[in-house]
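The values are calculated or read from the model by the stated rules, or taken from the named source; none is laboratory data. Just so it is clear, the structure is predicted and the values come from calculations on it, not from any experiment. Cβ coordinates were reconstructed from backbone atoms using ideal geometry, including for glycine residues, and neighbour counts include every protein chain displayed. Heads up: the accessible areas ignore ligands, DNA and RNA and are worked out on the full protein's heavy atoms, side chains in. Shrake-Rupley method; radii C 1.70, N 1.55, O 1.52, S 1.80 Å.
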Amino acid sequence: MEVPVIDFSQLNGENRSKTMALLHDACEKYGFFKIENHGVDKELMEKVKHFVDSHYEQNLKETFYDSEVAKRLENGHTRDVDWESSFFISHRPKSNLNEFPNLSEDLRKAMDDYIDQLIMLAEKISELMCENLGLDKDHIKRVFSGEKGPSVGTKVAKYPQCPHPERVRGLREHTDAGGIILLLQDDQVPGLEFLKEGNWIQIPPSKNNAIFVNTGDQVEVLSNGRYKSALHRVMAEKNGSRLSIATFYNPATDAIISPAPKLLYPNHFSFGDYLKLYATTKFLDKEPRFESLKKRTNSPCSLLV
């Protein structure tokens, strides 16, 4: 089983409907998919990866192998730790890039330019999701915005070469708490896996700077469970260090999250009221009945039973 592949170059031609259906299926059944022809500058992506790798080699690698995590691995006590070296950059609504004194100016500039493009891609994905769900195209962006706009941040991680990968996870099993996650990852070293129907599916290294996307818990809530947040993990690797640059397009901390009203079934109605409506609409589509009941049960004056 392979992760679904969505070719964004097909969204503007005769294959748009097919491509949208593939995206909808990926969100419903996988929670993970790969985007090709996404429009993000690939030369810029190569710069970001190069500068992150250089930063790790010059500033973090030696410290990691001297850390408590590395010592615990040698002693075999690793059930509650992750074999990763990482830091988190906030971009929106406020950047903290200048709070990292040892980041090169090249990395800061490349990351700023990259995030500008990635935010546009995340918003494009959110619009396509909304279209597939039957919502207005700005619904996710509007809900995520709060007072100051969506929260955007990047977890920059290296999963160092591991002498005992059987003793530890690179990153333990989890779902992501936020919204839409866009991953730029290593093009050589594997490790990322997601759970599908009880089986762990390997996601291969990213060739040609494809971007992997997964949906977080807030998209599952907003879609009333239609779009799933997938359980995933990173395996430790004996034959190399894996690069991961995961950008999170998340709700603002003050954003109020709930299922989109259009996706909710009617609730708190009496079966007797439903039967009265059903008697006159039995041989018509059920959707108008449900919409009628939604309006009644969502009314401030409705009687809850």
Here P(r) for segment 9-112, Cα-Cα distances in 10 Å bins, as whole percents, is 11, 25, 26, 26, 10, 2
Would you mind telling me which residue in TYR227, TYR274, TYR30 has the biggest mean-square fluctuation in a Gaussian network model of the chain, where springs connect alpha carbons within a distance under 10 angstrom? TYR274
Please state the Cα pair-distance histogram of segment 108-169 with 10 angstrom bins from zero: what percent is in each bin? 18, 32, 23, 19, 8, 0
Compare GLU105, GLU57, GLU14 in a GNM of the chain, Cα atoms joined below 10 Å, and give the one with the largest fluctuation. GLU14
Could you work out the local net charge near SER292, counting Lys and Arg as +1, Asp and Glu as -1, over the other residues with Cβ closer than 13 Å to its Cβ? +2
Expressed in nm², what is the orientationally averaged projection area of the convex hull enclosing the Cα positions of the chain? 19.9 nm²
Determine the sum of side-chain charges near ARG142: Lys and Arg each +1, Asp and Glu each -1, restricted to other residues whose C-beta is under 13 angstrom from that of ARG142. -3
In sequence order, calculated HN-Hα J values of segment 197-207 (Karplus, 6.51, -1.76, 1.60; Hz; x Gly/Pro): 6, x, 10, 8, 9, 6, 9, x, x, 7, 7
Given the options GLU28, GLU84, GLU166, which has the most mean-square fluctuation in a GNM of the chain, springs set between C-alpha atoms less than 10 angstrom apart? GLU166
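Given the rule -39500 (n - 2.57) for each run of at least 4 DSSP H residues, summed and divided by the residues of the chain, what is its mean residue ellipticity at 222 nm, to the nearest 500 deg cm²/dmol?
-10500 deg cm²/dmol
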Relative contact order for the chain: what percent, with Cα pairs under 8 Å and sequence separation of 6 or more? 21 percent
Mind listing the phi-derived Karplus ³J(HN,Hα) values for segment 224-229, rounded to whole Hz, using 6.51, -1.76 and 1.60 with θ = phi - 60°, and x for any glycine or proline? 6, x, 5, 9, 8, 8
Amide proton proximity set for LEU231, modelled H, under 5 Å, gap of 5+: LEU195
Taking LYS137 as the anchor, which aspartates and glutamates have their alpha carbon closer than 14 Å to its alpha carbon, excluding any fewer than eight residues away along the same chain? GLU123, GLU127
Residues with amide H under 5 Å of LEU192's amide H, sequence separation 5 or more or different chain, H placed in the peptide plane at 1.01 Å from N; which? ILE203, MET235
Relative to the longest principal Cα axis of the chain, at what angle does helix 271-281 sit, 0 to 90 degrees, rounded to 10? 70 degrees
With each pseudo-label sitting 7 Å past Cα toward Cβ, what's the LEU44-ILE257 distance in nm, one decimal? 2.7 nm
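Which whole-number value in Å² is the accessible area per residue of the chain, probe 1.4 Å?
Counting only protein heavy atoms, the per-residue value for the chain is 52 Å².
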Carbon-plus-sulfur fraction of the accessible area of the chain, 1.4 Å probe, in percent? 50 percent
Restricted to pairs 8 or more residues apart or on different chains, the lysines in segment 174-305 with C-alpha atoms under 26 Å apart form a number of pairs equal to 20
Hull volume in cubic angstrom per residue (convex hull over the Cα atoms of segment 178-273): 137 Å³
Mean Cα-pair separation over length for segment 163-207, i.e. relative contact order, pairs under 8 Å, 6 or more apart, %: 31 percent
Compute the normalised compactness of segment 225-295: alpha-carbon radius of gyration over 2.2 N^0.38 Å, N being the residue count. 2.03
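So what's the net charge close to PRO205: Lys and Arg +1, Asp and Glu -1, counting the other residues with Cβ under 15 Å from its Cβ?
Around PRO205, the surrounding residues sum to -3.
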Whole-number D in µm²/s for segment 69-153 (Stokes-Einstein; Kirkwood sum over Cα pairs; 10 °C, 1.306 mPa s): 99 µm²/s
